[in-house]
Amino acid sequence: MSYHRFVVLGDSCAEGLDDPYPGRHQYRGWADFVAARLAEENPRFRYANLAVRGRRLDQIVPEQVPAATKLEPDLVALFGGGNDVMSRGWDARTVARRVDAAIRACTEIAPTVVTFTLSDVSARMPLGARMRPRIVALNEAIREAAVSYGARLVDLWPDQAATDSRYFGADRLHLSTHGHHRLAAYVLDRLGLDHDPAWLAPLPGTPAAGSRRADLRWLAREVLPVAVTRTRNRLIGRQPGDGFFAKRPDLLPITLPITLDEAWAPGNA
């Protein structure tokens, strides 16, 4: 099937953190790779990315779905829920309702919807075991809603790449270029399209072993600044994602540097 209008909704994982464009102050990521491949199937193809970092599902639905509806997409991808997992006042039933509302809303505006579970990031983080039950509950809700509304599910939970730090950026949460390639391949598989086989091939060698010193550096450089910022924003009434805007708010054709040749170049693998 050839798609004409691809719209992406979600949070920082949909925006493309942590895969920066070479030489540009912008993120690339799995959605851009998928769009480049879809453009090869259809010269009239257009792509928009409404994702905003920091947003929860209960923000994505009222903020991004109306904008997506106006674009009349025939393909929607929704990647969200990670910020719900990390929010204070977590409640599994509340988040399950948010998941149901988000996936239902997407299937009401596009004939084909792709959505995602989260991988088990808890294994790579000190004290990460506390987050694992939340991720499990979120994923169960996503699977159930995907079945209920006929969305195509990319189930990342069983992916063993989650144990390899090379697939993730410095914060151990967002995907690196390797991880975004891998996720793009999964999406293209679910759409019945081919992709560079190297994107799913095992990385050569072995990942560097973790250490207590590395964990302490990670806490100091990645975790504490985020915690301080979130606390400060909460005190002044700011929500995560406030002040950021959609990465690609309009349906536009794919232009350089998102050509498939560049995305598949060995130097970017």
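Readers should treat all values here as calculations from the given coordinates under stated rules, not as data from a laboratory. Everything numeric here is computed off the predicted structure, so don't read it as measured data. In this analysis, Cβ positions are derived from the backbone assuming ideal geometry, glycine residues included, and neighbour counts consider all displayed protein chains.
A straight line joining the Cα centroids of the range 51-79 and the range 134-149 runs 18 Å.
With θ taken as phi - 60° and the Karplus curve 6.51 cos²θ - 1.76 cosθ + 1.60 applied, the whole-hertz 3J(HN,Hα) list for the range 176-193 is 7, 4, 4, x, 5, 4, 5, 5, 4, 4, 4, 5, 4, 4, 5, 8, x, 10 Hz, x standing for glycine and proline. In order along the range 53-61, phi translates into HN-Hα couplings of 4, x, 7, 8, 4, 6, 9, 4, 5 Hz, rounded to whole numbers, per the Karplus curve 6.51 cos²θ - 1.76 cosθ + 1.60 with θ = phi - 60° and x for Gly and Pro. Backbone phi angles across the range 73-83, fed through the Karplus curve with coefficients 6.51, -1.76 and 1.60 (θ = phi - 60°), yield HN-Hα couplings of x, 9, 9, 10, 10, 10, 10, x, x, x, 6 Hz in residue order; Gly and Pro are listed as x. Each Cα pair of the range 31-152 feeds into the Kirkwood radius, which the Stokes-Einstein equation turns, at 25 °C and 0.890 mPa s, into a diffusion coefficient of 160 µm²/s. Taking amide H as placed 1.01 Å from N in the peptide plane, residue 54 has its amide H under 5 Å from the amide H of 12, each at least 5 places away in sequence or on another chain.
Under the combined filter of DSSP loop state and at most 11 neighbouring Cβ atoms within 10 Å, the range 1-74 retains these trypsin sites (Lys or Arg not before Pro): 24, 44.
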